[in-house]
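The values are calculated or read from the model by the stated rules, or taken from the named source; none is laboratory data. Keep in mind the model is a prediction, meaning the values are calculated, not measured. Glycine also receives a Cβ, built like all others from the backbone with ideal geometry; neighbour counts cover every protein chain displayed.
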Amino acid sequence: MGRAEERRARQRGGRRAAPRRSSGPPSNTGGSPSATVVGTPSDAVGGRAAARRAAKGRGNGRSGDGKGRIRRLFTWKKMLGTFLGTCLLAIGAFVALYLYVDIPKDNAAAQAARRQSNIYKFSDGSTLARDGKVNREIVALSKVPKEVRNTFVAAENKSFYKDNGIDLKGTARGVLNTLMGKGAQGGSTITQQYVKNYYLSQEQTVSRKLREIVISLKVDREMSKDEILAGYINTSYYGRNAYGIQAAAQAYYGVDADKLKVEQGAYLAALLQAPSQYDWEIASDTGKELVTARWNYVLDNMVEEGWLDKTERQGMKFPVPKPPKPAAGLEGQKGYLVGLANRQLEDQLMKEQGLSRSQAEAAVVDQGWTITLNIDKKKQAQLEKAVKAQLTSKLDAKKRKVDADIQAGAVSVDPKTGKVVALYGGVDYFEHYTSNATRTDYQPASTFKPVILAAALEENAETRSGKPITANTIYDGTSKRQVLDSDGDKVGFAPENEDDENYGDVTVQTAMNKSINSVFAQMGVDVGMKNVMDVAGKLGMDVADEQAVPAQTLGTMGASPLQMAGVYATLDNHGQKVTPSIIKTAEHNSQAVEMPNPVGEQVISRKVADTVTSVLTGVVDDGTARRSVANNPERDGQKVAGKTGTSDDNKSAWFTGYTPDLVTSVGLFGEDDKTHAQTKMYGAGGEERVNGGDFPAEIWAAYMFGVTKPDAKFDLDTDQGAAVQPTWTPTPTQEPTTQEPTEEPTTQKPTETPTTQEPTETPTTQEPTEEPTTEPPTQEPTTEPTDDITLDPVRPGNDQ
């Protein structure tokens, strides 16, 4: 029975711990021999099999035990214990930090002493300006009307009087964003902002943020809310070199802080979010919209908190601040140069360190920077001299009231490096605070037409009849011609040409030379206005918020000379993106901030960029810029491409042009001398109308022909445009028109074969306006169907 049980046990896989044995010792002599022989091997074999099965079972058990071990490791008790342990460690670390970090022994005088003048230098290292005299006057909170104090609380921290100095949720988000490199996302209480302004720096690091939290908690315990609020409004930077509410009240409204009205206080409170961007005097349309929305937000919060009567709130109007008084030491062009340098450095700090605009401004202004500009001292002097000789010396506000309303701006850029080598922002920073070089509130007008052509070539666009758009494609140049879509339907746009001139069938080259609105309006629709605006953005124009509508073909969006210089520099640089930069180096505490490379990636093909350049040589040698540029006595053989522009109602006039080695954009703007509203320039300087081919082109030529290389050549990869010698002479098919354009002759017929695809320097006799200016050897001009439709005049923009 014992052996039977053992066998059954072995058959069950050796699950019994051991075979059952006799209680007595084994006998060597008793029993049958056969039982001994048969029983012993069976036991041995069965034992080995059982051992193997047991070993296999143990192996399987190891796999199962591994999974079980993981489950045992991550039990809810252990996870909870780990979490609580981590929390205890974090709390302990914070307690240690709280005990270790004290409120810095500081005061307003010491803080002001930390501020140092920024030093700005020309590209050769010579000093341009020093800027950094701190404009601050501390005032007691009792001197600030209670309603005005509440505007700051309503703007920044409605729970200020209830919290303990920090916003845990916002602070946690800020620390997380800092760790993830996303930069500042807001969330700071007034106490935290005061601590940052008064005791710490604007840098975005976890250690600085943790110190800010600890100090804020201690400050909230040791100081009253009124003391904290007083410190906050007295240490904040408001722009216009104003620190504190007293300096801000004087800078923006010309009153002391105790005379501020609620609506004025709401503007100053709104201003803290982005002082320069929200400064009404220099703000863009977008900036004005944003600060107005912020102002409304502040007042609405005050009503919500019961700090302002709803009826009184409804009767309030936005309090437009007074024009600023520039800081000493920034006279002439210095203030404009310093302003752009500060702005570009702030942009880089925002990108590199994740600062907000207000934080970046506070990190730059009066912080002891040494900033070397790309400005070439000789070119800068030449540009200023050119504006004086060709414009300001010819203006006389006593004789002509309109002359007081003329503003000029210009930017000169090296297309190979993207360096801003010269800039003209206005007659004087003391007299005109807004920089005309960077303002974006005026239309670039027909200087936008090359962008349309670039888009047509880049997109391989076709006319409505399926013909490729090239420099030699024929379009109908009839004034007020209705623009049609691809199905032949009217799009509701029929622009008028300059002086309502009708040109009939003309090539694209001629249309560019004469700046014919009707041609480019139709071309824009043929290309697709979305494609046109996309290419404009790639070239450097700020069109993100612009609608892709046919009217944009006339350059009705806003643009600055700085932007247009960048667009044309990209064309000059064979389609490789140029973003103009005024900063060469920026150093602070012996550490340099690495500025981005002004020259970027290829945004349009070289052939497209070179074709546009080739076409634009025709504008100079046989178009709207011929008199002032091509025939200028100072021209010493320089090869030039460019485009004129005059906006609707003569509110702006432009010439943006370039040689192979330098690009310059010049703009004239009509701005009412008293109200600063846009106004017409008719009659300025004794001229019937200010066109792009007049003062702007004359300034351009007087400057450029004194600083550019006479022997520089355009290296063009194209077989189109005025810079390419045609292989045959077009034969007129109809009589020339008797009415000539106001600024320029018609097309140019080259007189000699160029060796480097350059335009001829001296145009010959005029050709009929209906004929092509150039023709490639393999492509005949293609005719675009016309529609004899005349609608009421539409004047969205002039064209020269």
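With the condition kept exactly as written, say whether any residue in region 661-669 is in the same structural domain as residue 721 (by TED's automatic domain parsing) and closer than 23 Å to residue 398 by Cα. Yes, region 661-669 contains a residue that is in the same structural domain as residue 721 (by TED's automatic domain parsing) and closer than 23 Å to residue 398 by Cα. Here 294, 211, 240, 221 are screened, and the one residue that is crowded, with 22+ Cβ neighbours inside 10 Å, of a type in the set (Lys, Arg) and either assigned to a loop (DSSP other than H, G, I, E, B) or not assigned by TED's automatic domain parsing to the domain that holds residue 674 (or both) is 240. If the condition is being β-branched (Val, Ile, Thr) and out of contact with any strand residue (DSSP E or B) (no Cβ under 8 Å at 6 or more places or on another chain), then region 454-513 contributes 470, 478, 510.
Quick one: would you say residue 454 is farther than 25 Å from residue 341 by Cα and in a helix (DSSP H, G or I)? The answer is yes for residue 454. When 308, 337, 349, 345 are screened for being under 21 Å from residue 290 (Cβ atoms) and among the hydrophobic types (A, V, I, L, M, F, W, C), only 349 passes.
So which of 339, 332, 306 is of a type in the set (Gly, Ala, Ser) and without any contact (Cβ under 8 Å) to a residue 40 or more places away in the chain? Sole residue among the options that is of a type in the set (Gly, Ala, Ser) and without any contact (Cβ under 8 Å) to a residue 40 or more places away in the chain: 306. Could we say that residue 365 is at pLDDT 95 or above and hydrophobic (A, V, I, L, M, F, W, C) here? Considered against the rule, which asks whether it is at pLDDT 95 or above and hydrophobic (A, V, I, L, M, F, W, C), residue 365 comes out as no. Residues in region 414-437 that are more than 20 Å from residue 329 (Cβ to Cβ) and part of a loop (DSSP other than H, G, I, E, B): 414, 415, 416, 417, 418, 436. Considering only region 325-336, state which residues are in contact with a helix residue (DSSP H, G or I) (Cβ under 8 Å, 6 or more places away or on another chain) and either surrounded by 19 or more Cβ atoms within 10 Å (Cβ to Cβ) or among the hydrophobic types (A, V, I, L, M, F, W, C) (or both). 326, 327, 330, 333 - these are the residues of region 325-336 that are in contact with a helix residue (DSSP H, G or I) (Cβ under 8 Å, 6 or more places away or on another chain) and either surrounded by 19 or more Cβ atoms within 10 Å (Cβ to Cβ) or among the hydrophobic types (A, V, I, L, M, F, W, C) (or both).
Could you please let me know if residue 639 is assigned to a strand (DSSP E or B), touching a residue at least 60 places away in the same chain (Cβ under 8 Å), farther than 25 Å from residue 373 by Cα and among the basic types (Lys, Arg)? Judged against the criteria, residue 639 is not a match. Of all the criteria given as (1) more than 22 Å from the chain's Cα centre (by Cα); (2) in contact (Cβ under 8 Å) with a residue 40 or more places away in the chain, the one not satisfied by residue 388 is (2).
Taken as a whole, the condition of being surrounded by fewer than 24 Cβ atoms within 10 Å (Cβ to Cβ) and within 19 Å of the chain's Cα centre (by Cα) applies to residue 603.
Residue 384 fulfils the conditions (1) charged (D, E, K, R); (2) surrounded by fewer than 24 Cβ atoms within 10 Å (Cβ to Cβ); (3) in the same structural domain as residue 518 (by TED's automatic domain parsing); (4) part of a helix (DSSP H, G or I) except for a single criterion, (3). Going by the conditions given, is residue 299 within 24 Å of residue 159 (Cα to Cα), in contact (Cβ under 8 Å) with a residue 24 or more places away in the chain and within 22 Å of the chain's Cα centre (by Cα)? Here the answer is no, as residue 299 does not meet what is asked.
You will find that of 507, 579, 570, the residue that is at pLDDT 95 or above and over 23 Å from residue 435 (Cβ atoms) is 507 and no other.
The set of residues from region 680-716 being among the acidic types (Asp, Glu) and either outside the structural domain of residue 665 (by TED's automatic domain parsing) or more than 21 Å from residue 510 (Cα to Cα) (or both) comprises 687, 688, 698, 711, 715.
With the condition kept exactly as written, say whether any residue in region 245-260 is in contact with a strand residue (DSSP E or B) (Cβ under 7 Å, 6 or more places away or on another chain) and crowded, with 24+ Cβ neighbours inside 10 Å.
Going through region 245-260, the residues in contact with a strand residue (DSSP E or B) (Cβ under 7 Å, 6 or more places away or on another chain) turn out to be 247-248, 251.
With crowded, with 24+ Cβ neighbours inside 10 Å added as a condition, the list becomes 248.
Looking through region 245-260, at least one residue is in contact with a strand residue (DSSP E or B) (Cβ under 7 Å, 6 or more places away or on another chain) and crowded, with 24+ Cβ neighbours inside 10 Å.
Given the conditions (1) outside any helix (DSSP H, G or I); (2) touching a helix residue (DSSP H, G or I) at 6+ places or on another chain (Cβ under 7 Å); (3) surrounded by fewer than 18 Cβ atoms within 10 Å (Cβ to Cβ), and given that residue 303 satisfies all but one, which numbered condition is not satisfied? The one condition residue 303 does not meet is (1). Here residue 603 fulfils each of the conditions (1) free of Cβ contacts under 8 Å to residues at least 60 places away in the same chain; (2) closer than 20 Å to residue 577 by Cβ apart from (1).
Taking region 527-539 as the range and being out of contact with any helix residue (DSSP H, G or I) (no Cβ under 7 Å at 6 or more places or on another chain) and either outside any helix (DSSP H, G or I) or closer than 23 Å to residue 505 by Cα (or both) as the test, only 528 passes.
Residues in region 388-398: is at least one crowded, with 16+ Cβ neighbours inside 10 Å and assigned to a loop (DSSP other than H, G, I, E, B)? Yes: one or more hits.
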